[in-house]
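**Student:** Before anything else, here's the structure in question.
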């Protein structure tokens, strides 16, 4: 598994796992909770 955080501008915050976006702050309107982000990466 490879996880990466890709920096954006204008408040964009996306989390990718193996090249696939698993979380988007733009879509949810909030940052993920710590445990929520870890769960997405499992």
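FYI, it's all coordinate maths here, none of it is from the lab. Keep in mind it's a predicted model, so treat the numbers as computed, not measured. Glycine gets a Cβ as well: all are built from the backbone with ideal geometry, and neighbour counts include every protein chain shown.
**Student:** Just from its helices, what would the mean residue ellipticity at 222 nm be for the chain, if runs of 4 or more DSSP H residues each count -39500 (n - 2.57) and the sum is divided by every residue, rounded to the nearest 500 deg cm²/dmol?
**Tutor:** -6500 deg cm²/dmol
**Student:** Right, something else. Separation between the residue 20 and residue 38 pseudo-spin-labels, each 7 Å from Cα along Cα→Cβ, expressed in nm?
**Tutor:** Result for the modelled spin labels: 2.2 nm.
**Student:** May I ask you to compute the full-extension gain from residue 30 to residue 2, defined as 0.36 nm times their residue separation minus their alpha-carbon distance, rounded to one decimal in nm?
**Tutor:** That pair, residue 30 and residue 2, stretches by 7.8 nm at full extension.
**Student:** Based on the Kirkwood radius over alpha-carbon pairs, what is the Stokes-Einstein translational diffusion coefficient of the chain at 25 °C with 0.890 mPa s viscosity, in µm²/s?
**Tutor:** 234
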